[in-house]
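Chemist: First the structure, then my questions, so here it is.
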């Protein structure tokens, strides 16, 4: 009887996630309808389909952006840590993949569909403001309890300090739903960034991000701070190469004093293939360490994506 109830719940969970995803995507697309037509001078509209492979899936970072998408990026990639045979179950010692003895986490594939819609308006020649809705859904091949649907709204301002220096600030609120309901949460975050155009084909960007996540279970509630730097180079008109580094610290409500520190180095390439369309690939090397046992893990993450931007 108990097995049949669990099976029924397992079947209902993906349906719930897809239903929520549909509502979030529809809300993102129609965010402009809440404003008069003359409020926004330009349209923000984008979508991405991404396939990711990790050779050592790790958890508690499942709702974090990685690599070139970190620091307030629009398209949110998913990356996860947990425990085999119940990765979303709270309690017990923290698990960090291959760094925890024989509990090595196997590799896994997952697919992420992301979308955003909104608008921006120029306030004079040096300042622009924007508002948008966004949503994404990730489906894992094996760790289905890490399947995630995340959606929300964001707003921000972009300031042209000089012809070559741009500063930005964003605020966002999110709703997160997972295959493991104890991870379900609401969150808010803020991001500050600075971008310098060093050459016509070369730019540099620094960012800082803070997120407060309140989950159903205290072991999944945290305050996270991330800083990072990235560079972009265009060797040809339709080609963009990126590289960078980010450092993340997450402090959890339970157990008291528990925290995870993560260092990520990333490389990426994007090729425009038509008006608004591009393909991209990326590699992330992420090394995470928790403070209770001192165990650490190394995760190699490979992604390919198809993108559309209006």
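Chemist: State all residues of segment 165-209 that are touching a strand residue (DSSP E or B) at 6+ places or on another chain (Cβ under 8 Å), in a loop (DSSP other than H, G, I, E, B) and within 30 Å of residue 140 (Cα to Cα); if no residue qualifies, say none. Reasoning before the result, please.
Modeler: Initially, segment 165-209 is screened for residues touching a strand residue (DSSP E or B) at 6+ places or on another chain (Cβ under 8 Å), giving 165-179, 182-198, 201-209.
Subset that is in a loop (DSSP other than H, G, I, E, B): 179, 184, 201.
Those that are touching a strand residue (DSSP E or B) at 6+ places or on another chain (Cβ under 8 Å), in a loop (DSSP other than H, G, I, E, B) and within 30 Å of residue 140 (Cα to Cα): 179, 184.
Every residue, every condition in (1) buried (at least 16 other Cβ atoms within 10 Å of the Cβ); (2) closer than 21 Å to residue 58 by Cα; (3) in contact with a helix residue (DSSP H, G or I) (Cβ under 9 Å, 6 or more places away or on another chain), yes or no:
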{"site": "219", "(1), (2), (3)": "yes, yes, yes"}
{"site": "265", "(1), (2), (3)": "no, yes, yes"}
{"site": "268", "(1), (2), (3)": "yes, no, yes"}
{"site": "301", "(1), (2), (3)": "yes, yes, yes"}
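Chemist: Just checking, which of 180, 196, 211 is touching a residue at least 40 places away in the same chain (Cβ under 8 Å) and either within 26 Å of residue 283 (Cα to Cα) or surrounded by 15 or more Cβ atoms within 10 Å (Cβ to Cβ) (or both)?
Modeler: Values: 196 fails: touching a residue at least 40 places away in the same chain (Cβ under 8 Å); 211 fails: touching a residue at least 40 places away in the same chain (Cβ under 8 Å).
Being touching a residue at least 40 places away in the same chain (Cβ under 8 Å) and either within 26 Å of residue 283 (Cα to Cα) or surrounded by 15 or more Cβ atoms within 10 Å (Cβ to Cβ) (or both) holds for just one of 180, 196, 211, which is 180.
Chemist: Another question about this same structure. Against the condition touching a residue at least 40 places away in the same chain (Cβ under 8 Å), part of a strand (DSSP E or B) and over 16 Å from the mean Cα position of the chain (by Cα), how does residue 293 come out, does it pass?
Modeler: No: the conditions fail for residue 293.
Chemist: For the structure I just gave you, tell me whether residue 268 is in a strand (DSSP E or B) and either at pLDDT below 95 or closer than 19 Å to residue 205 by Cα (or both).
Modeler: Numbers: in a strand (DSSP E or B): yes; either at pLDDT below 95 or closer than 19 Å to residue 205 by Cα (or both): yes.
So residue 268 fits the description; yes.
Chemist: Taking residue 257, is it farther than 22 Å from residue 302 by Cβ and either part of a loop (DSSP other than H, G, I, E, B) or out of contact with any helix residue (DSSP H, G or I) (no Cβ under 7 Å at 6 or more places or on another chain) (or both)?
Modeler: Details: farther than 22 Å from residue 302 by Cβ: yes; either part of a loop (DSSP other than H, G, I, E, B) or out of contact with any helix residue (DSSP H, G or I) (no Cβ under 7 Å at 6 or more places or on another chain) (or both): yes.
Spelling it out, residue 257 is indeed farther than 22 Å from residue 302 by Cβ and either part of a loop (DSSP other than H, G, I, E, B) or out of contact with any helix residue (DSSP H, G or I) (no Cβ under 7 Å at 6 or more places or on another chain) (or both).
Chemist: Look through 287, 260, 273 and report the one residue that is in contact with a strand residue (DSSP E or B) (Cβ under 7 Å, 6 or more places away or on another chain) and loosely packed, with under 13 Cβ neighbours inside 10 Å. Explain how you work it out, then say what you get.
Modeler: On the way: 287 fails: loosely packed, with under 13 Cβ neighbours inside 10 Å; 260 fails: loosely packed, with under 13 Cβ neighbours inside 10 Å.
It is 273.
Chemist: Out of 232, 190, which single residue is closer than 28 Å to residue 276 by Cβ, without any contact (Cβ under 8 Å) to a residue 60 or more places away in the chain and surrounded by fewer than 20 Cβ atoms within 10 Å (Cβ to Cβ)? Even if it seems obvious, please write down each step before you answer.
Modeler: Working: 190 fails: closer than 28 Å to residue 276 by Cβ.
Every option except 232 fails the conditions.
Chemist: Just give me the residues in segment 108-162 being assigned to a loop (DSSP other than H, G, I, E, B) and surrounded by 14 or more Cβ atoms within 10 Å (Cβ to Cβ), in sequence order. Give the steps one after another, and end with the answer.
Modeler: Here is the first cut: in segment 108-162, the ones assigned to a loop (DSSP other than H, G, I, E, B) are 124-126, 141-143, 147, 161-162.
Once the filter is applied, which keeps residues that are assigned to a loop (DSSP other than H, G, I, E, B) and surrounded by 14 or more Cβ atoms within 10 Å (Cβ to Cβ), segment 108-162 yields 142, 143, 147.
The values are calculated or read from the model by the stated rules, or taken from the named source; none is laboratory data. Note that the structure is predicted; figures quoted are calculated from it, not measured. Cβ sites come from the backbone with ideal geometry, for glycine too, and all protein chains shown count toward neighbours.
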